[in-house]
Structure formats: structure tokens, C-alpha cells
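Okay, so here's the structure we're looking at.
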Ligand SMILES: [Zn+2]
């Protein structure tokens, strides 16, 4: 299988990662750890949900062991029993191993002992770098994708540069990305809350055409529909001067089809039906609509 040096790096790192997860003293069972040759991404599955911090702790342990430049050796044993006698900490995949057959034990310093047939590096420093690439929680399991060697270095550089570029564009210190995102999220939530408050104040007033410049009005659909369901005799028209949404309640007398016909003559090409009008507008169309309400 993994014959390339990159494959050997990833595969050896996989041994260390499995050990690091087991060493955390948690009830972690590495169900399967596979290395995909095609895209050089390793995948480990853990039969429980483990936190980001714990995974990163294991990642750190692997990189530490890479830095210690441990020797990777291989030794053949007649059968599994013999192999376990010499290596009590031996890790092996039961359903992949024939107990009667010869077993090759791969030893990484005094850190990991694992039965395996694939190609490995001779010294852990050859791996250069190990990185967790993605973590997914799937039905009570944790799936962890990881990379090593050049792939890990390139991945880290790419992520670093993307963060750096975003930081330059938005004027924040790259090391404080998570703080920035947190503040940004809070700001967005606060803004949306304020916008909805303004919308409600406008709806309660007697203005027929509400102009909310620079606001994405489609996000108010839910609020508008709710309002019109509870104020069946009313209609609402809201625009950001680029798009318009007009909705009327079921007891409202306004004829939207007729209004729609008029707007079409001014170049309006959005959707028109008995209870709503929705589409792109320009200054001229908005002016006309304003006039229609006043008439
Ligand atoms: Zn191996």
C-alpha cells in the first residue's frame, strides 16, 4: 500500500496519533485508522464524541514525538502471542490480524508498539509535521482527518495566509482571530435585533412605504408574514431601494394585481400575485409606488 515517502510519513504519524489518543486515559477506542493514498489524508474514528481540546492535545503530543526524533524499528514474530509477550503495550487491529500468522511489530521509540505491514519512516523527524485537518461528529462518533509531511506544512501555510489576508482586510491581529469572530458575531446579533426593532416600530406606525437603506430586506420575510397574519386588514411595502417586498393581509382591499400591471409599464419584472409583489426596483418605480399609496 503506502509506498511513497509521504505515505510513510502519514502512516507513521497515524501510529503516534492513535497512541496519543489512547494515552489520554479516556475510554477511547480507535475503531479504524485508515490512510488514503489518493489524497494523502488519514482518517481516524473514535467511538465517542471527544472535545476539540483533547484532539489538539493529541496533535501536540504527536508533534512533540516527531521532534524527539525517535527511532522507528521493525521486528518479526512467529505469531501474535510471541509479539505480545515482548511488547505488552502492543496495539493491533483484531479483525485485521491472523493470530497464527507471522506478525511484524513496529516500534516507535518507547512510545508506540503496533502490529503493521505498511511502510514507515526510519526516524520520526522525517515526518516533519503532523496536523489535524478536520473534525466531524457523526452519530456519536468523532471522525478526525489528519495530514503529515509536506501536506501538513502546505496546509498550515495556506491556513496561515488566509487568516493573515482576512486580518489585513479587516484590521485585526491574526493571533486574535477567534476573539475577532466572537465580537463580530455579537455585533451581527445586536444589529439584527436593532433592525427588527426598527421594522416593528415602522409596522406599528402609519407609513405605507418603509425604506431601509442598505439592509437585506429578504431576511424580514418571516416578520412581515407574521405581521400581516395578525393584521389582516393591513398591507406592508418595504424597500432598500434595490428590492421591494409588498405583502397584504387577507382582508386588505388593495388590488396588487392592478398595481403590478402599472409597475410593469415602468419596467418592473419581479413576481406579482394577489397577495404579494416582490422584485428589483429603481428610483422611478419607488416614486410611482409612493404616489399610488398617497392617492
Ligand atoms: Zn503502520
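Just a few scattered comments:
- Number of residues in segment 95-110 that are assigned to a helix (DSSP H, G or I) and within 13 Å of the ligand (Cβ to nearest atom) equals 1.
- Segment 58-94, subset touching a helix residue (DSSP H, G or I) at 6+ places or on another chain (Cβ under 8 Å) and assigned to a helix (DSSP H, G or I), residue nearest to residue 149 (Cα to Cα): 66
- Here residue 180 passes the criteria (1) surrounded by 14 or more Cβ atoms within 10 Å (Cβ to Cβ); (2) closer than 22 Å to residue 16 by Cβ except the one numbered (2).
- Within segment 111-135, restricting attention to residues that are within 8 Å of the ligand (Cβ to nearest atom) and in contact with a strand residue (DSSP E or B) (Cβ under 7 Å, 6 or more places away or on another chain), the residue that is nearest to residue 67 (Cα to Cα) is 120.
- Among residues of segment 122-142 being at pLDDT 95 or above and in a loop (DSSP other than H, G, I, E, B), the one that is surrounded by the most Cβ atoms within 10 Å (Cβ to Cβ) is 129.
- The listed residues are 85, 89, and the only one of them that is more than 22 Å from residue 158 (Cα to Cα), assigned by TED's automatic domain parsing to the domain that holds residue 11, exposed (fewer than 12 other Cβ atoms within 10 Å of the Cβ) and modelled with pLDDT under 95 turns out to be 85.
- Segment 1-31, subset surrounded by 13 or more Cβ atoms within 10 Å (Cβ to Cβ), modelled with pLDDT under 85 and within 14 Å of the ligand (Cβ to nearest atom), residue farthest from residue 151 (Cα to Cα): 30
The values are calculated or read from the model by the stated rules, or taken from the named source; none is laboratory data. Please read all numbers here as calculations on a predicted model, not as lab measurements. Cβ sites come from the backbone with ideal geometry, for glycine too, and all protein chains shown count toward neighbours.
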